[in-house]
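What follows is a single structure, written as structure tokens, with notes after it.
The values are calculated or read from the model by the stated rules, or taken from the named source; none is laboratory data. Because the structure is a prediction, the values reported are computed rather than measured. Cβ placement follows ideal geometry from the backbone for every residue including glycine, while neighbour counts extend to all protein chains displayed.
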């Protein structure tokens with residue numbers, strides 16, 4: 001795991017967007033795992049502005065609420081169209097989300113796993129972290145080996161997501177279909193973005209605490225190619241900060257990313 005701390009939310013977002021854009025330019029057929037949430041909106045805005053092509057890419061989202069169809073403005077399918085898909089050159093047939101309206105949720109989950117396998121697996125998985133410590137909707141006590149399945153959401157998660165439902169946690173669905181922790185860990189590269197002081201405690205537990213099902217994001221410590229990008233507020237409780245900063249300044253792979261206040265560069269004109 002590598003932990004990169006940037007001075008502001010904007011510079012953390014810019015670094016994540018640059019990494020994704022660079023991966024897409026290096027491999028246009030990238031299989032990209034996507035996440036949702038308010039911070040991710042800024043990542044998608046930066047990717048749209050960069051002009052990077054999604055024409056040959058395939059995407060798989062982490063999760064979807066059970067009971068919300070793709071036309072519901074509260075669904076993640078709607079979110080992804082509004083925030084990214086409708087603004088880039090991606091083929092809609094190559095965009096995938098779990099089917100929260102399926103009559104057989106177990107079969108829908110198995111089908112989603114099959115689609116990921118048929119695509120060759122996920123190359124780069126973008127992640128956020130919930131205040132309950134979840135990645136995707138893998139709430140506390142989710143098994144590290146878990147696969148895509150239906151999960152009941154914690155009150156903490158429903159409160160955190162209430163803003164997208166008019167501020168009322170009771171309007172947030174109680175259940176969701178989510179990639180499992182094991183599914184996420186099979187991606188070839190993981191990229192977690194967290195910003196703000198509300199995430200500081202859970203980030204410290206996930207990055208520097210024990211690996212535990214009580215904080216499912218702590219399972220990322222097991223991954224050989226995981227990058228955690230934070231702003232100063234989200235990094236406030238980390239004990240190993242000096243070393244993390246030293247690695248970012250001195251690892252050759254990060255030399256091109258020192259100016260992370262800059263957004264992804266648009267493609268050169270020909």
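Here are a few things to note about the model shown:
- When region 226-248 is filtered for residues that are over 25 Å from residue 33 (Cα atoms) and either at pLDDT below 95 or assigned to a loop (DSSP other than H, G, I, E, B) (or both), the ones remaining, listed by number, are 232, 233, 236, 237, 238, 239, 240.
- Condition met for residue 185 (within 21 Å of residue 44 (Cα to Cα), buried (at least 16 other Cβ atoms within 10 Å of the Cβ) and touching a residue at least 12 places away in the same chain (Cβ under 8 Å)): no
- Among residues of region 33-80, those that are free of Cβ contacts under 8 Å to residues at least 40 places away in the same chain, under 12 Å from residue 96 (Cβ atoms) and crowded, with 21+ Cβ neighbours inside 10 Å, counted: 4
- Failed item, numbered, when residue 176 is tested on (1) under 17 Å from residue 134 (Cβ atoms); (2) buried (at least 22 other Cβ atoms within 10 Å of the Cβ); (3) within 15 Å of the chain's Cα centre (by Cα): (3)
- Single match in 236, 219 (criterion: over 23 Å from residue 9 (Cβ atoms) and surrounded by 15 or more Cβ atoms within 10 Å (Cβ to Cβ)): 219
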